[in-house]
Amino acid sequence: MWRNADVVDFIGWLRDYNDSIQIPQRIGFYGLDLYSLHASMGAVLSYLNRVDPEAALRARQRYACFDHFGEDPQTYGYATASGMTPSCESEVISQLMELQKSAAKYAALDGRMAADDLFFAEQNARVVLNAERYYRAMFGRRASTWNMRDEHMAGTLDSLIAFDTRSSETNLALIDFMQQYSARHDMESSLVFGETGRRANLLATSVRRTGRDSACPAIPM
């Protein structure tokens, strides 16, 4: 969806625009999904190589758990879900926890830029954690993986709002707008996450998590 010339042009324009204004007023462009397992591991390692080489070594050892499965994370999901090999769950949990424990030290390195870099690294470590769970669950019930992915994206949106308080009201207003739009057009995007076997999407999950509305019913799949 985002790999097209329009997005490339937009990012180029946004970079020029941000370069022309002060840092506190700059605009961010963020991804929410969890399909970047290997790229996110690389981002965590790249960050730690710069700020804490010893921690980078530990992270590399943990993420090496995935080395046996090649570049396709579905291979990992199948092998672990079928019991052919142990999962890497404990390794990715340990990595995220270590990064979070060191957050104060890393954030103090270089002001706002350090905080931005740390946030980026922590979100990528969270992507690795949730992607690992997602690909293991992929070979189970489809509704489960749909909702796991949706919860991850909503959690990322929550983290963005918490990280950049300047955007909080804007993001909540966007959720309201999207909800009103979907309700007017009777779209599935107004569905909320319900019991097992029901399906949600990012809008409905964000609405539920922010407490903006809980009146829309879910539908069975």
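Rounded to whole Å and ordered largest first, report the semi-axes of the equivalent ellipsoid of region 29-140 derived from its Cα gyration tensor (root of 5λ). It would help to have the intermediate numbers written out before the result.
Numbers: eigenvalues 142, 40, 22 Å².
The three semi-axes for region 29-140 are 27, 14, 11 Å.
What translational diffusion coefficient, to the nearest whole µm²/s, does region 81-143 have by Stokes-Einstein, given a Kirkwood radius computed over alpha-carbon pairs, a temperature of 20 °C and 1.002 mPa s viscosity? Walk me through the intermediate numbers first.
Working: Rh = 13.3 Å.
Approximately 162 µm²/s, per Stokes-Einstein.
Give the Rg (one decimal place) followed by the Dmax (whole number) of region 1-81, computed from C-alpha coordinates and expressed in Å.
Over region 1-81's Cα set, Rg and Dmax evaluate to 17.4, 50 Å.
Taken together, the values in this text are just the output of simple stated rules run on the coordinates, not laboratory data. Remember, it's a predicted structure, so these values are computed and weren't measured experimentally.
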